[in-house]
Amino acid sequence: MGTPEFPDLGKHCALVDCKQIDFLPFTCDRCNQAYCLEHRSYIKHHCTKANKRDVTVVICPLCAKGVRLIPDQDPNITWEKHVDTDCDPSNYEKVTKKKKCPAPLCREILVFSNTIKCRDCMVDHCLKHRFGPDHKCSGPKKLETSFSFMSLLNGSRKEASKPNLTSTTSSKWTTSLLNVASNLRASAEAGMTKLSGEINQAWQTARDGVGQSSGIHERNRNQSRVKKVTIDACPKCSRGFIDPVSLVQHVERDHGGSSGA
């Protein structure tokens, strides 16, 4: 049994009627005998030291509940007892029914990896219909009660118009509240006006600075374009010449070659 490299590999099943060689045998925790896959349970190999610890549970196809089989009792009797007392067919749908995406015409089963809760309607949907327009989201639920400053102000005005014992106090409170609101509005308008004036002044200053700098640059460019020219005057007729050669030719031609006074 075994191989030259592993001489202890595999064992025969301890059941007398089997004796099959199993290379991955199961050792019974009660009788410490090795058995094959088929005879590994207490009932299959008729273990004498099991002490009724062998537990076999079958799933009822009607209610999806587990039914434990008693070792010394006929399974048919256990089954009939379960059907008469504990079997509830309505539980089968609760156990086996899987949650699906509520979007119209969507049959995708929702599991942990593809379930997203919509932030508006707070309903679980699949990845394909996770956005509101995809599953026709009804939107967030509106609060039944809301607090508004205008509603409070209107309510205080109505209370002030009613002739009761607290009309004087309510009217004073309303008047002071209106004064505070008007003062806040006036302060805000004044601040906006001042800010607008400062912005306009800064903008005008910036424009003037840009205009002055552009004028200076233009004058510098014009001055750089002007070239200085030296003119030589004839000592006889005071005629000006840019080129000295032209001046010499003029003196020789018109004044007989004499440049003296």
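Quick rundown of the values:
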| quantity | calculated |
| --- | --- |
| Residues within segment 244-261 that are exposed (fewer than 10 other Cβ atoms within 10 Å of the Cβ) and either modelled with pLDDT of 70 or more or in contact with a helix residue (DSSP H, G or I) (Cβ under 7 Å, 6 or more places away or on another chain) (or both), tallied | 4 |
| From Gly191, Gly209, residue being at pLDDT 70 or above, under 49 Å from the mean Cα position of the chain (by Cα) and part of a helix (DSSP H, G or I) | Gly191 |
| Of all residues in segment 23-42 being farther than 18 Å from Gly10 by Cβ and open to solvent by less than 90 Å² (accessible area, probe 1.4 Å), the one that is nearest to the chain's Cα centre (by Cα) | Ser41 |
| Flag if Ser161 is over 44 Å from the mean Cα position of the chain (by Cα), at pLDDT below 75, of a type in the set (Gly, Ala, Ser) and open to solvent by 60 Å² or more (accessible area, probe 1.4 Å) | yes |
| Sole exception among (1) farther than 30 Å from Ile43 by Cα; (2) of a type in the set (Lys, Arg); (3) part of a helix (DSSP H, G or I); (4) modelled with pLDDT of 85 or more for Lys81, by number | (1) |
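The values are calculated or read from the model by the stated rules, or taken from the named source; none is laboratory data. Keep in mind that this is a model prediction, so the values were computed, not measured. All Cβ positions, glycine included, derive from the backbone under ideal geometry; neighbour counts span all protein chains shown. Keep in mind that these areas ignore ligands, DNA and RNA; they rest on the heavy atoms of the full protein, side chains included. Shrake-Rupley method; radii C 1.70, N 1.55, O 1.52, S 1.80 Å.
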